[in-house]
Every structure is written in C-alpha cells, then in structure tokens.
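The values are calculated or read from the model by the stated rules, or taken from the named source; none is laboratory data. A quick note: this is a predicted structure, and the numbers were derived from the prediction, not measured. Cβ coordinates were reconstructed from backbone atoms using ideal geometry, including for glycine residues, and neighbour counts include every protein chain displayed.
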Amino acid sequence: MTRRELLKNSALLLGGTALSPQTAFSALPHSLNINAPFTAADFGKDFLWGVATAAYQIEGAWNIDGKGPSVWDTFTHKKGKIHNNENGDVTCDFYNRYYDDIALIKEMNLDVFRFSLSWSRILPEGTGKVNQKGVEFYHKVIDRCLELGLQPWITLYHWDLPQALEDKGGWANRDVVQWFMDYADLVTKLYGDKVKNWMVLNEPMAYTSLGYLAGIHAPGRRSLSAFMKSIHHTCLVQAEGARIIRANVADAHIGSTFSCSPIDPKNESRKHKKAAAKIDALINRLFIEPALGMGYPTDAAPFLKRIHKHVQPGDMERLKCDYDFIGIQNYSRIVARHALIPPFVWANQVKPENRGISKEDLTLMRWEVYPEGIYRVLKQFAAYEGVDKIIVTENGCAFTDVVEGDGVRDPKRVQFFKDYLSNVLKAKQEGVNVQGYYVWTLMDNFEWAEGYTPRFGLVHIDWDTQQRRIKDSGRWFQQLLAGR
C-alpha cells in the first residue's frame, strides 16, 4: 500500500484497532555481539531504560475521531515548508497500530514508554469542549503499557499547539499560560490515577526559537518580539504546569526536558569565548535557570533583558519550580564564533565541515558525533544547586540503514549507543545522579522539517507498507537488557 493509499484509508480505520502481526511488524532475532565496555548492571538495578516519542511524529490520524488541527498540521500543509513537502498526516499510523507498537518496546526489554499527548486531540479548540475519543485513545495507550509491565511517562507538550490557540497569538499571547494550565488540569485528572511520571514541556528552546524567531518550524513566525514573549510565557508554563501535576496526581514524579549541547569557542580568542558564552546562555541556561529561581541569564546574553518588558509583578517568583528530576536531551555539540552580522546575539555556529569533521563523523542531520558531549552536559546540569536527579530523556542518531530480509543492519547506530552510554556511565560513576536513559526514538517517524529522510528509530518503518522491522540497534538493547 502506498503512502497515498494509507492517507486515504486512515480515515476508515477505527482508533485503537489492533492490526495483525503481519501488518504491524515482522522481525526475527539474530545473533548480535553486544561487545560493549559495560553491562546493564553497571548502571544500577533501578536505572530506567526506555524510548521516547512525540504525538505528531508518530500518531497520524490528523483529522479523524474529532481531533482538531495543530500548528504542525497547518504548517506541513503549506508547500515548501518541509523536505519533499511531506507531512505527518499518516506517519507511523500509531493511532491505529499502538497495540502492537507498544509490544515492540517490551520485546526489546525496555522499561519505559515516553510519549506526548496531542493537545488538539483532547481539546480540538485548545480550550472548551473535550473530545472523548481522544481521551479514550490515551487511556488505551496507557492501559497497554501497564498490561505489558511498562511505565508510561507522559509529556504534556511536544510542540503541537492547537491551531485555534495559535490563531489567538499562540505562545506570544500571555493567555497561553492559562490555556495550558486548564489543559494540564484536565489531563492530569484524567490520567493521574494510572500515570505517575510526568514531563511538562519538551525542549522549549526549540519550539520558541525555531517556531517564533527563525520560522523554520511551526508556526513559522519570524519575530524577535514574539520570541521574547514566548520565552517568558513558556517559563511561566513550565512552573505552573508542574504545580498543577503536584496538586492533582498523588505520588507524582515531575520534571521537564531541556535540549542541551556542550559549547566550545572556535579558538581561545576573547571574542569567540564571549560568543560561546552567549550561545550557552541561549541553548543551555535560558529555561533551566528561571525554574531554579536564578532568573534569566542576562549576564552572558544582555539582549535577553528585552524579556523583562513582558514580566508582570510576581512573575519572577512564579517561575520557580521544584522538579523531582530534569530531562537532558543531547545529540551533538556546538562550536561558536563571533559574528559581525548577527541574528541578534553577535554569535554564530561553525559548521562541522568547516572544522575538518569528516562525513563519516556526521549523522544524516549533519550533526557531529561527539560522545563526550553527553558527559559534559550531564556534569554541567548536575552542578546546579536544586538539580537532584537527571534522566536522559532523549539521545539518538540518524544514519543510513540497510534492510536485509526481516533484519536491518545499522552498525553506526549501535556504535553510537555504546559510545554515548559509556559517557553516561562515566558521569554516573563520578557522582552525577543520572537514573535513566531513553532512546530517541522507538521507530522511524516524521522528523519535523526534515520529513522522512532521517531515520532515528530502533524500529525500521517501510513507508509504503507500514511494515515494522526491529533494527540491529534494537536487538542490541534487547540483548544488553536481557535477564535483568
């Protein structure tokens, strides 16, 4: 079946219908040498192993069973916004195939399924009337996890704002704080008796900067003013959302996730070091420090003082949040240089190819493979007073896979996990309280502006047939975690 046929037929499928194993996946285990400098036991018996996903990237079913459009539905339907003009209308069809897809997590001997809720599937207009079919879908997902002995970890927001709320200003409208609080109050009451692990936001720097400043992600706006407003409103939300979870969910375990990268200057010159400090303030410090009661990092990035025009009395106290853990998400590093023509920070990044990095050391996203980076950011974030526990809530890579029968050879991804996990273990052995590692991602999916070309999954998806095949990297985890 072609993707066009899948799109046509997806509206005819009932949400939550378990498809046949032949349709859902076909993968056979084969001998694979773990050959790692560690064992699962080295990380501790309580260390959590999981996979992370996002609603828009896997669910499909974008306009059926009462779901309202999100900003990504709108953005991807505009020509020229996404590689090959692709979209997430069907993507992995997880909405219909969740039952067997979650079984793959168990088959790989993982503990945790981290997934996000689609706000507009539950509240089609962002506020007001609840869509019961959307509510029921996530009950089914949660119940399937519990049936298999997996821990469901919910992310409240992974970039897919309801379009109805973007039409009112989105994250640049201070009303988004109350909209989010109402949404969080609803879903924590709906699912809080079964789900105890909650994350408020996913990578706020990404959706604020790429969506409201650079315009290359949904909603595609390019406004410094909107960006500054969205930063402050997001910081309010990440604290208020956590307080709502705490109030509604007994024995809740609460955090939020942050994208982070080690930042190095191009060389030791003062101007490049200053540029690196500015990018560090933006990438690594901008959202965690307000939550810790430290305010915005205007020391290294004075331009962030523009945010204060949007701060109302009492806001700075509201920004503080007592998380149980923070989620660290790392993929590569950044090398910074002084820029004469700035975006607005007088700093820029040096492309890997201009640093002598070979193609062999780049992923398909043109990110440098830099395993030491995850060690460095774990140490950096653990140094904050108030950060007690860290979970690596995303780490992964996109490389070219080779399909051979029912198997998929991905040796570079296997090596990636060996090298990055070695650095996670190093940080843990040096006293960093890192208590989990979640792979990005369960299966190949819609990778935002890059469409379907980069494949990050432990499970390969044939986009014409939707056949699932566990890759060698997934089998590697299966063997690593066997017998725990």
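Give me the residue from the range 359-379 that is crowded, with 19+ Cβ neighbours inside 10 Å and touching a residue at least 60 places away in the same chain (Cβ under 8 Å) and, out of that set, nearest to Asp322 (Cα to Cα).
Looking at residues that are crowded, with 19+ Cβ neighbours inside 10 Å and touching a residue at least 60 places away in the same chain (Cβ under 8 Å), I get Val377.
Which condition does Tyr323 not pass, out of (1) in contact (Cβ under 8 Å) with a residue 60 or more places away in the chain; (2) hydroxyl-bearing (Ser, Thr, Tyr); (3) surrounded by fewer than 16 Cβ atoms within 10 Å (Cβ to Cβ), if it passes all the others?
(3)
Cβ-Cβ distance below 6 Å, separation of 6 or more or different chains: which pairs start in the range 64-76 with a residue that is over 14 Å from Glu125 (Cβ atoms) and end on one that is assigned to a loop (DSSP other than H, G, I, E, B) and at pLDDT below 95?
Qualifying pairs under 6 Å: Ile64/Ala11; Asp65/Gly15.
Could you list, in sequence order, the residues of the range 165-181 that are outside any loop (DSSP other than H, G, I, E, B), of a type outside the set (Phe, Trp, Tyr) and over 25 Å from Phe113 (Cα atoms)?
Within the range 165-181, Leu165, Glu166, Gly170, Ala172, Val176, Val177, Gln178 qualify.
Would you pick out the residues in the range 40-62 that are under 23 Å from Trp171 (Cα atoms) and either in contact (Cβ under 8 Å) with a residue 40 or more places away in the chain or in a strand (DSSP E or B) (or both)?
Filtering the range 40-62 for residues under 23 Å from Trp171 (Cα atoms) gives 53-57, 62.
If the condition is that a residue be under 23 Å from Trp171 (Cα atoms) and either in contact (Cβ under 8 Å) with a residue 40 or more places away in the chain or in a strand (DSSP E or B) (or both), then Thr53, Ala54, Ala55, Tyr56, Gln57 are the ones that fit.
In the range 403-445, what count of residues is obtained for those that are crowded, with 16+ Cβ neighbours inside 10 Å, among the β-branched types (Val, Ile, Thr) and in contact with a His (Cβ under 8 Å, 6 or more places away or on another chain)?
Matching residues across the range 403-445 total 1.
Name the single residue that is surrounded by the most Cβ atoms within 10 Å (Cβ to Cβ) among those in the range 77-113 being in contact with a Gly (Cβ under 6 Å, 6 or more places away or on another chain) and either aliphatic (A, V, I, L, M) or not in a loop (DSSP other than H, G, I, E, B) (or both).
Tyr95
Any chance the range 209-224 includes a residue that's in contact with a Phe, Trp or Tyr (Cβ under 8 Å, 6 or more places away or on another chain), more than 19 Å from Gly386 (Cβ to Cβ), among the β-branched types (Val, Ile, Thr) and modelled with pLDDT of 95 or more?
Among the residues of the range 209-224, not one is in contact with a Phe, Trp or Tyr (Cβ under 8 Å, 6 or more places away or on another chain), more than 19 Å from Gly386 (Cβ to Cβ), among the β-branched types (Val, Ile, Thr) and modelled with pLDDT of 95 or more, which makes the answer no.
Can you tell me which residue among Leu148, Leu123 is aliphatic (A, V, I, L, M), surrounded by fewer than 24 Cβ atoms within 10 Å (Cβ to Cβ) and in contact (Cβ under 8 Å) with a residue 24 or more places away in the chain?
Leu148
Inside the range 336-361, can you point out the residues that are touching a helix residue (DSSP H, G or I) at 6+ places or on another chain (Cβ under 6 Å) and aliphatic (A, V, I, L, M)?
Ala336, Val345, Ala347
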